[in-house]
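To start, the structure under review is shown below, and the notes come after it.
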Amino acid sequence: MDKGFQLGDLTIQRVVEEERPIFDPLTFFPNLTPELLAENQEWLEPKALDPATGKLMLCIQSWVVRTPHHNILIDTCVGNDKTRPNHPFWHQMKSNSYMRNLAALGLGVGDIDFVMCTHLHVDHVGWNTRLENGRWVPSFPKARYLFAKEEYAHWEWEHAKAPSPVFADSVLPVVEAGRVDFVTNDYQMNDLVKLESTPGHTPDHVAVRLGRKGADALATGDLIHSPLQARYPEISMRADSDPVQAAATRRRVLECACDSATIMCFGHFPSPSRGLIKLWGNGFRAEAVD
């Protein structure tokens, strides 16, 4: 169980679906060279780069935020029973790890009040829904699902052009169930939870700011995937809709967090997946916070 950490009135914990080597780094990061990878291999291994396979170690997880009044789930991983032929390692998954790890925090699906998706990619929306009697239904029956309105509009348009199984089974069903609130990318739930615009990975990607200045955290979503991108913010990943914008967003966010008390809650960094940002040459490093 992830013990998490406290920020004033907030408790922040992880729900891990899986953590393992998944992608080849040179494929995952198209502008990463073999020479630069080799130069950084020693410090990346074994936590961020698997020595046995040479693949990136990635954590697929949600962040749970407990406020005095609500339980919030940030991103919902891959999910079970989803047809994902383009991602064979996630195709038709049958795993109890996610729900087991949620239960280990003392939470059931009925205890989640809000689901906030930083963006609508395959590994951030999967547990939005579950299969029940052949139908996709909201996994968290009492929750309001918050989607950035321009993010949703983008994927709705893409789905109209070429049907997306991810949109069809993990996004549309919660919309059709009337569980979604479409919000702006600067939406503020209260003085402890608000969205921040972090475009580039997707057109209206958001991060989630938690707590108050001087005692805050940032759930990054996919504005950064690996510690390698902290050291070299110009390295973008293959699914970025705008790699140049993604790199600029990444550097801006890391510069703002550098040498501050802000705890970065990374979407995919290896455990413990949270850290403080420090300067490292022309880039940055994340000092793990246990």
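Read-outs throughout are calculated quantities, based only on the coordinates presented, and are distinct from any laboratory measurement. Small disclaimer: the values here were computed from a predicted structure and weren't measured. Quick reminder, even Gly has a Cβ in these numbers, built from the backbone with ideal geometry, and neighbours come from all protein chains shown.
Give me the lysines in straight-line cross-link reach of K278: C-alpha distance below 20 Å, same-chain residues under 8 apart excluded.
Filter leaves K47, K213.
Within 14 Å, Cβ to Cβ, of L49, how many net charges do the neighbouring residues add up to if Lys/Arg are +1 and Asp/Glu are -1?
Taking every Cβ under 14 Å from that of L49, the sum is -2.
Considering only the chain, what is the antiparallel percent among its DSSP beta bridges, to the nearest 5?
Within the chain, antiparallel bridges account for around 75 percent of the total.
In Å, what is the Rg of the alpha-carbon atoms in the chain, and how long is Dmax?
Cα only, the chain: 17.9, 55 Å (Rg, Dmax).
Only Lys, Arg, Asp and Glu count, each charged at its Cβ (+1, +1, -1, -1), so figure out the dipole size of the chain about its Cα centre, rounded to 20 debye.
Once rounded to the nearest 20, the dipole reads 480 debye.
Around T27, what is the net charge, scoring Lys/Arg as +1 and Asp/Glu as -1 over all other residues with Cβ under 12 Å from its Cβ? Before the final figure, lay out each step's value.
Values: positive: K55, R238; negative: D24.
Its environment carries a net charge of +1.
Report, in deg cm²/dmol and to the nearest 500, the calculated mean residue ellipticity at 222 nm for the chain, where each DSSP H run with n ≥ 4 adds -39500 (n - 2.57) and the sum is divided by the residue count.
Computed mean residue ellipticity for the chain: -6500 deg cm²/dmol.
Taking the Cα centre of segment 191-256 as origin, work out the dipole magnitude from +1 charges on Lys and Arg Cβ and -1 charges on Asp and Glu Cβ, in debye rounded to 20. Write down the numbers at each step before the final one.
Details: 9 positive and 9 negative charges, 44 e Å.
Roughly 220 debye for segment 191-256.
Net charge near A230, counting Lys/Arg +1 and Asp/Glu -1 over other residues with Cβ under 11 Å of its Cβ? Mind showing how you got there, number by number?
Numbers: positive: R231, R250, R251, K278, R285; negative: E287.
Overall, the nearby charge balance is +4.
Grab the alpha carbons of segment 147-290, take their convex hull, and tell me the volume per residue in Å³.
That works out to 118 Å³ per residue.
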